[in-house]
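Okay, structure first, notes after.
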Protein chains: 2
Amino acid sequence: MGKAVSKKGEQPSVDKTNFETLNGFTGYHLKRATNLMMSDLNATLKPFELRLLSYTALVLVVDNPRIRMSQLAAAMDVERPNMVVIVDALESRKLISRQRLETDRRAYALNITLAGRRLYEKATVAVRAHEERLTRQLDTQTREKVIEAMKLIQKIGELRTHETYN
Amino acid sequence: MGKAVSKKGEQPSVDKTNFETLNGFTGYHLKRATNLMMSDLNATLKPFELRLLSYTALVLVVDNPRIRMSQLAAAMDVERPNMVVIVDALESRKLISRQRLETDRRAYALNITLAGRRLYEKATVAVRAHEERLTRQLDTQTREKVIEAMKLIQKIGELRTHETYN
DNA sequence: AGATATTGGTTATCAATCATAACTAATTAT
DNA sequence: ATAATTAGTTATGATTGATAACCAATATCT
């Protein structure tokens with residue numbers, strides 16, 4: 001630590017910013033990288049008129065036929081009212097369908113439509129390319145190690161659930 | 001009230017959600033873990049009446065005496081107008097000070113005050129504990145590997161600069 | 001030099017995001 | 001049957017982050 005500064009002894013304000021402390025934080029690097037990936041992801045999804053949440057919903061409906069809205073909301077960690085608008089948008093584009101459940105007539109079963117599946121497939125190709133682009137520098141082993149690490153962090157978080165949340 | 005635990009197996013609709021596709025995405029895991037860490041960080045900072053951005057500003061002012069607001073804004077990747085309110089808040093709590101630069105009387109030099117430094121130190125102890133808590137499962141080597149990986153991702157992002165952003 | 005452009009900081013405003021309250025209809029529990 | 005819960009919905013509010021327009025000071029241009 002301690003950069004060789006001091007040409008004048010006391011006036012670094014115009015030089016490169018010192019990130020010494022922040023660089024010591026894992027969370028800092030995590031957030032910067034994630035912000036970047038999310039920006040790039042949204043740019044990637046824009047041509048399909050999808051955004052992070054609508055794409056995620058699409059994916060989960062594909063992977064979970066007949067999923068209910070509340071289950072989807074829980075899976076995505078969004079409040080139900082917000083889920084409604086996401087589902088509304090996807091349904092109005094005929095990418096997914098709502099079907100009343102016979103067994104519980106309050107609820108809807110969500111299903112992917114043919115158009116939805118096609119869009120899902122195209123978008124997912126783009127998303128995989130985006131992932132590849134942004135993690136190209138990481139060898140496969142590192143990538144797996146990162147994912148494992150993220151899972152561990154999440155596991156820890158689940159323990160102290162929502163008690164200290166804001 | 002309490003836990004609505006039914007003795008019998010619940011509805012079939014409650015089966016586990018399938019995250020197959022999402023689990024294949026590095027960005028997905030990155031975002032989940034980061035969200036968690038940021039929630040926990042904000043909870044950690046709350047007792048000090050700081051939030052992510054105000055704490056970050058405090059840290060950068062400590063590490064960069066006489067930094068200018070615009071440089072701080074650039075370092076934090078926030079728009080200048082938003083920087084103003086953050087700096088206003090910190091200044092009104094006498095944690096940092098604004099001093100007109102003699103060399104450029106448009107700009108301010110930001111400096112940490114004694115109170116600011118004390119708060120910074122207390123908060124940083126708490127932040128380090130928070131980091132330790134959330135990354136406890138990761139051995140030192142893994143932690144370093146993760147940080148390296150995040151730096152690489154950022155480096156890639158810097159190439160395709162802001163052209164494809166939102 | 002004097003006109004012009006640019007920069008640092010500011011104010012006001014606006015859009016996007018996310019959470020909360022309250023409601024209906026259907027279901028479950030007492 | 002009555003009460004309590006749950007799924008989905010509507011309306012609304014708080015918070016965040018971005019944009020436009022402005023003033024004062026500095027830098028640029030010819």
Rank A:LYS155, A:LYS16, A:LYS145 by mean-square fluctuation in a GNM of chain A with C-alpha springs under 10 angstrom and give only the top-ranked residue.
A:LYS16
Under the Karplus relation with 6.51, -1.76 and 1.60 and θ = phi - 60°, whole-Hz ³J(HN,Hα) for the range B:66-83, x at Gly and Pro, equal 6, 5, 8, 4, 5, 5, 5, 4, 5, 5, 8, 6, 10, 5, 4, x, 6, 4
Under a 1.4 Å probe, counting only protein heavy atoms, A:PHE19 has an accessible area in Å², nearest 10, of 50 Å²
Quick check: pseudo-label points 7 Å beyond the Cα along Cα→Cβ at B:GLU121 and A:LYS122, how many nm apart are they?
6.0 nm
Tell me, what are the semi-axes, in whole angstrom and largest first, of the equivalent ellipsoid of chain B as set by the roots of 5 times the Cα gyration tensor eigenvalues?
39, 22, 17
Measuring from the longest principal axis of the C-alpha atoms of chain B, the long axis of helix B:140-159 (C-alpha) lies at a number of degrees, nearest 10, equal to 70 degrees
Counting Lys +1, Arg +1, Asp -1, Glu -1, what net charge surrounds A:LYS145 among other residues with beta carbon under 13 Å of its beta carbon?
-2
Using protein heavy atoms only (no ligands, DNA or RNA), what is the total accessible area buried between A and B, 1.4 Å probe, nearest 100 Å²?
6600 Å²
Return an integer: the convex hull volume of the alpha-carbon atoms of the range A:109-159, in Å³ per residue.
104 Å³
Inter-probe distance in nm under a simple model that places probes 7 Å from Cα toward Cβ, at A:ASP15 and A:ASP88:
5.5 nm
What figure in square angstrom, to the nearest 10, would you give for the accessible area of B:VAL125 with a 1.4 Å probe?
100 Å²
Area accessible to solvent at A:SER92, 1.4 Å probe radius, in Å²
90 Å²
Ordering A:ASP15, A:ASP40 by accessible area with a probe of 1.4 Å, largest first, what comes out?
A:ASP15, A:ASP40
Relative contact order (percent, whole number), chain A, Cα cutoff 8 Å, 6+ residue spacing:
18 percent
May I ask you to give the solvent-accessible area per residue for the range B:48-159, in square angstrom, as obtained with a 1.4 angstrom probe?
54 Å²
Between beta-carbons, use under 10 Å as the cut-off and find the net charge around B:ALA109, counting Lys and Arg +1, Asp and Glu -1.
+2
With all pairs of different alpha carbon atoms counted, what Kirkwood hydrodynamic radius in Å does the protein assembly as shown show?
22.5 Å
For chain A, modelled as a GNM with alpha-carbon contacts under 10 angstrom, which of A:LEU30, A:LEU110, A:LEU22 fluctuates the most?
A:LEU22
24 Å Cα-Cα threshold exceeded, pairs from A:LYS46/B:LYS145; A:LYS145/B:LYS31; A:LYS155/B:LYS16:
A:LYS46/B:LYS145
GNM top mover of A:GLU20, A:GLU131, A:GLU102 - chain A, alpha-carbon springs below 10 Å:
A:GLU20
Fraction of accessible area attributable to carbon and sulfur, the range A:49-159 (%, probe 1.4 Å)
50 percent
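The values are calculated or read from the model by the stated rules, or taken from the named source; none is laboratory data. Just so we're clear, the structure is a prediction, and the values are computed from it rather than from any experiment. Positions of Cβ are backbone-derived with ideal geometry, glycine not excepted, and every protein chain shown enters the neighbour counts. The accessibility values were calculated without ligands, DNA or RNA, using every heavy atom of the protein model including side chains. Shrake-Rupley method; radii C 1.70, N 1.55, O 1.52, S 1.80 Å.
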